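J.: Sharing a structure here in structure tokens format.
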Amino acid sequence: MKEALTGTQLQAVLNQALAYTDKGKVAAYIPELAKEDPGQLGVSVCFPDGTMLSAGNVDVRFTLQSISKIFSLIIALCQNGQKHVFERVGKEPTGDPFNSIIKLETIKSHKPLNPMINAGAIAVAGMIQGENIDDRLNRVLDMLRKMTGNPAICVNEAVYCSEKSTADRNRALAWFLKDSGILTTDVEETLDLYFRYCSIEVSVKDIAHMGMVLAADGIDVQTGERFFPEEVARICKTFMVTCGMYNASGEFAIDVGIPAKSGVAGGIMACVPHRMGIGVFGPSLDEKGNSVAGIKLLALLSKEWKLGIF
Ligand code: GLU
């Protein structure tokens, strides 16, 4: 077994991956995200004993985007149970881009294929219960604040407004879901909640903590506090493997082999069961929407420290 990872080694891996930041492009379809400097790269690794190693742009704040789909799914499963959730959203990878509409029409049930694509996550947002939209947002925010020990986590209003004013594709998905009876809540309100989940602002340290909780099957190893059931953690980690890296999930499973979820702001949350949570931020994306340098960094780490689960 290779010796434990050190900060110097993590910095060396980051330096190697930095060369890939100019291989992609920042997401521009949400205008606020287009302002990011594509040359940034940061990583944090959180271990079960609570220690953390970090390198690169570790204090930059960015929005969760699709990484939030894991946490809205957790709340939806806890509130409604598996039967209710999976009657409305499937468990299969799509092979299509994250915002694709095509299978909503061609599949007989009209059910989104999984909760990691936009259509599935919008359906999941419709399942989150609460007294009003703020309460429904806070179900996710409160859990994230507790999981990370960071009470300052909140929504980035500029990104939220930017997405809300340009989200015609997501509106089309939501109205389609409403028409087929999958979405039964108010469409604009559900979208509003979905945009706010996507606009929750974090750092790589925060998502490394979140990854560690998933790696520990839903608990904070330090305090023993349970945030969600082990079964829910198992479902989420399985989705991370099969659908977490968009329609590049198969390739990522072979090349890196770690459960991970990416977002179009450039974040990747990864978890190595019982060993570590990893947070990466690199806003320069490949054509599938994944951080180019972030994937490279995770591939190097996985290979050198034998982190792959297969
Ligand atoms: N808010 C983004 C959208 O709905 C999330 C996409 C992503 O990160 O994959 O398009």
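The values are calculated or read from the model by the stated rules, or taken from the named source; none is laboratory data. In this text the structure is predicted, and so the values were computed from the model without any measurement. Glycine also receives a Cβ, built like all others from the backbone with ideal geometry; neighbour counts cover every protein chain displayed. Side chains are part of the model used for accessible areas, which takes the heavy atoms of the whole protein and leaves out ligands, DNA and RNA. Shrake-Rupley method; radii C 1.70, N 1.55, O 1.52, S 1.80 Å.
J.: I need a count of the residues in segment 143-163 that are within 19 Å of the chain's Cα centre (by Cα), within 14 Å of C198 (Cβ to Cβ) and either within 14 Å of the ligand (Cβ to nearest atom) or of a type in the set (S, T, Y) (or both).
T.: 5
J.: Among the residues that make up segment 224-235, is at least one of them of a type outside the set (A, V, I, L, M, F, W, C) and open to solvent by less than 10 Å² (accessible area, probe 1.4 Å)?
T.: No, segment 224-235 contains no residue that is of a type outside the set (A, V, I, L, M, F, W, C) and open to solvent by less than 10 Å² (accessible area, probe 1.4 Å).
J.: So which residues in segment 36-93 are over 15 Å from the mean Cα position of the chain (by Cα) and among the hydroxyl-bearing types (S, T, Y), if there are any at all?
T.: S44, T51, S54
J.: Looking for whichever is charged (D, E, K, R) and open to solvent by less than 10 Å² (accessible area, probe 1.4 Å) here; the options are K296, K306, K261. Which one fits?
T.: K261
J.: For segment 106-216, list the helices (runs of 4 or more DSSP H) that sit wholly inside it and hold at least 2 residues that are open to solvent by 20 Å² or more (accessible area, probe 1.4 Å) and more than 20 Å from A260 (Cα to Cα); which are they?
T.: Here the list reads 133-148, 157-164, 168-179, 187-198.
J.: Output the number of residues of segment 242-258 satisfying the condition of being among the β-branched types (V, I, T), buried (at least 20 other Cβ atoms within 10 Å of the Cβ) and not in a loop (DSSP other than H, G, I, E, B).
T.: 0
J.: Right, something else. Report the residue count in segment 92-105 for those that are away from the ligand (no atom under 16 Å from the Cβ) and buried (at least 17 other Cβ atoms within 10 Å of the Cβ).
T.: Matching residues across segment 92-105 total 1.
J.: Another question, if that's okay. So if I check each of E225, E230, which one is in contact with an Asp or Glu (Cβ under 7 Å, 6 or more places away or on another chain), farther than 21 Å from A55 by Cα, more than 15 Å from the ligand (Cβ to nearest atom) and modelled with pLDDT of 95 or more?
T.: E230
J.: Still on this structure, please answer the following. Residue under question is Q16, and the condition is that it be under 21 Å from the mean Cα position of the chain (by Cα) and modelled with pLDDT of 95 or more; does it hold?
T.: In short, no.
J.: Can you name the condition, by its number, that L18 falls short on among (1) aliphatic (A, V, I, L, M); (2) over 26 Å from V213 (Cα atoms); (3) without any contact (Cβ under 8 Å) to a residue 24 or more places away in the chain?
T.: The one condition L18 does not meet is (3).
A quick yes/no check of all residues on (1) touching a residue at least 12 places away in the same chain (Cβ under 8 Å); (2) under 19 Å from G282 (Cα atoms); (3) not in a loop (DSSP other than H, G, I, E, B):
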residue: D37; (1), (2), (3): yes, yes, no
residue: L53; (1), (2), (3): yes, yes, yes
residue: S72; (1), (2), (3): yes, no, yes
residue: I75; (1), (2), (3): yes, no, yes
